[in-house]
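Encoded as structure tokens, here's the structure I'll be asking about.
The values are calculated or read from the model by the stated rules, or taken from the named source; none is laboratory data. In this text the structure is predicted, and so the values were computed from the model without any measurement. Positions of Cβ are generated from backbone atoms using ideal geometry, with glycine treated the same way; all protein chains shown enter the neighbour counts. Just the protein is used for accessible areas: all its heavy atoms, side chains included, with ligands, DNA and RNA removed. Shrake-Rupley method; radii C 1.70, N 1.55, O 1.52, S 1.80 Å.
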Amino acid sequence: MLISGGNGWHKIIVTAMFDASVATDDAYLPGIRNKLILVSLIVGLLEGMPLGSVTASIYKGIGGQLNSLILILAFGAMLGKLLADSGAAQRIATTFINMFGKKNVQWAMIVTSIIVGITMFFEAGFIVLIPIIYTIVAETGLPLMYVGLPAVIGLSTTHSFLPPHPGPAAVSTIFGASMGHTLLLGLLIAIPAAVIVGIFYSRTNFVLSAKASIPAGLVTTKVFKEEEMPGFGVSIFSALIPILLMAISTLGDLTLSKKDPILVYLHFFGDAPIALLLSVLVSMVTLGTNRGKKLEEVVASMGVSVKSIAMIILVIAAGGAFKQVIVDAGVGKAITAMTAGLNISPIVLAWIIAATLRIAVGSATVAIKCRVKRMPIFILC
């Protein structure tokens with residue numbers, strides 16, 4: 001092939017060049033998906049892999065990556081759609097805002113966005129919260145950035161740190177980690193990060209000096225009336241069912257003997273796909289049929305939600321393909337040899353690369369996926 005042999009540096013250079021081509025052009029998911037598949041093919045061929053081996057690596061990477069992750073993404077999208085269409089997400093938001101008051105509206109937005117963001121993808125959560133943000137700004141006269149930034153930060157941190165969001169869920173799957181443990185440890189990082197940036201940073205002169213206003217034409221986004229929304233109790237319960245099930249399973253691991261028969265049931269119901277499936281089934285009743293909606297209407301809404309994540313699934317699959325190609329092509333061994341003498345923590349090194357790619361590509365999911373495929377290599381260094 002075009003490039004073969006050498007001391008391994010060519011492998012790193014080729015992969016880095018194509019990584020950059022993915023990251024620095026556009027951040028639209030269709031483009032990223034197409035580029036990752038194309039890059040997988042080109043990198044494999046340039047590294048001297050036989051044609052049949054390249055395609056076999058791609059197929060193996062896609063299958064290994066999606067695995068149970070596809071169920072997590074699908075059920076998570078369905079639950080988020082049920083919360084949005086029923087008005088439950090708005091109920092959670094307005095309740096916390098009334099509870100905290102105008103003076104502490106930023107804290108209300110942080111708490112709301114974290115709770116909403118645990119089970120709703122960033123885009124869906126943003127669409128749900130944006131009319132509430134606009135309403136608060138219009139009624140209180142507070143700056144848009146002052147009210148809106150904490151909500152966006154809360155959604156962004158949950159999207160980046162917590163399953164069942166695509167990036168963290170993919171990391172858990174790749175490393176064989178418990179979704180429950182990942183969720184609990186992620187909360188320990190996500191909450192302080194959201195508070196530091198969403199509360200304290202948003203009060204700096206740099207942020208407050210930014211001039212922002214409600215865009216014309218967006219103020220008509222639907223806001224549910226009081227009588228149209230479910231109660232706060234059923235809303236928060238429906239949103240937190242998967243979290244409770246996974247948390248209980250994790251606590252069982254920490255407190256019970258490994259031979260305790262109860263663990264079998266805790267692991268079953270606390271497994272992320274099962275926990276989300278049960279959440280969807282319960283929410284179909286609590287937020288759907290019990291609210292006067294026909295079952296056909298609820299199912300149709302859930303169908304729309306699955307369509308909306310199709311591109312995300314393809315991006316994650318493409319990332320799996322790329323990971324498998326660079327492993328089979330020997331790029332991992334080259335990176336191991338290159339970084340063996342570096343006096344730097346592999347965790348810090350991986351973080352620097354991931355943060356740089358996040359800035360370049362704009363997508364947390366793509367940044368996480370592109371870096372996590374290298375992380376096992378760094379750990380071995």
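Here's the yes/no breakdown for (1) modelled with pLDDT under 85; (2) open to solvent by less than 50 Å² (accessible area, probe 1.4 Å); (3) closer than 20 Å to ALA108 by Cα:
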position	(1), (2), (3)
VAL219	yes, no, no
ALA239	yes, yes, yes
LEU244	yes, no, no
ASP253	yes, no, no
LEU278	no, no, no
THR289	no, no, no
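Determine whether the stretch 362-372 contains at least one residue that is at pLDDT below 75, in a helix (DSSP H, G or I), more than 25 Å from PHE75 (Cβ to Cβ) and of a type in the set (A, V, I, L, M).
No: the stretch 362-372 contains no residue that is at pLDDT below 75, in a helix (DSSP H, G or I), more than 25 Å from PHE75 (Cβ to Cβ) and of a type in the set (A, V, I, L, M).
Next question. Restricting attention to the stretch 125-139, and to residues there that are among the β-branched types (Val, Ile, Thr) and more than 25 Å from SER308 (Cα to Cα), which single residue is modelled with the lowest pLDDT?
THR135
Now for a different question. Checking PRO150 against (1) open to solvent by less than 50 Å² (accessible area, probe 1.4 Å); (2) under 24 Å from VAL306 (Cβ atoms), only one condition comes out false. Which one?
(2)
Still on this model: Please find, within the stretch 47-101, the residue that is farthest from LEU314 (Cα to Cα) out of those that are open to solvent by 20 Å² or more (accessible area, probe 1.4 Å) and polar (S, T, N, Q).
Per the stated criteria, the residue is ASN98.
Further, regarding this structure: Are there any pairs, at least 6 apart or on different chains, whose C-beta atoms fall under 8 Å, with the first in the stretch 79-95 and in contact (Cβ under 8 Å) with a residue 24 or more places away in the chain and the second buried (at least 24 other Cβ atoms within 10 Å of the Cβ) and aromatic (Phe, Trp, Tyr), and if so, which?
Note: pairs meeting the criteria are GLY80/PHE121.
Would you pick out the residues in the stretch 228-287 that are over 20 Å from VAL116 (Cβ atoms) and of a type in the set (Phe, Trp, Tyr)?
TYR265, PHE268, PHE269
So which residues in the stretch 172-182 are under 21 Å from VAL111 (Cα atoms) and outside any helix (DSSP H, G or I)?
Result: no residue meets the conditions.
Checking the conditions here, which among LEU155, LEU142, LEU185 is modelled with pLDDT of 80 or more and assigned to a loop (DSSP other than H, G, I, E, B)?
LEU142
Residues that are hydroxyl-bearing (Ser, Thr, Tyr) and at pLDDT 55 or above: which helices (runs of 4 or more DSSP H) entirely in the stretch 1-93 hold 1 or more of them?
29-46, 51-66, 69-86
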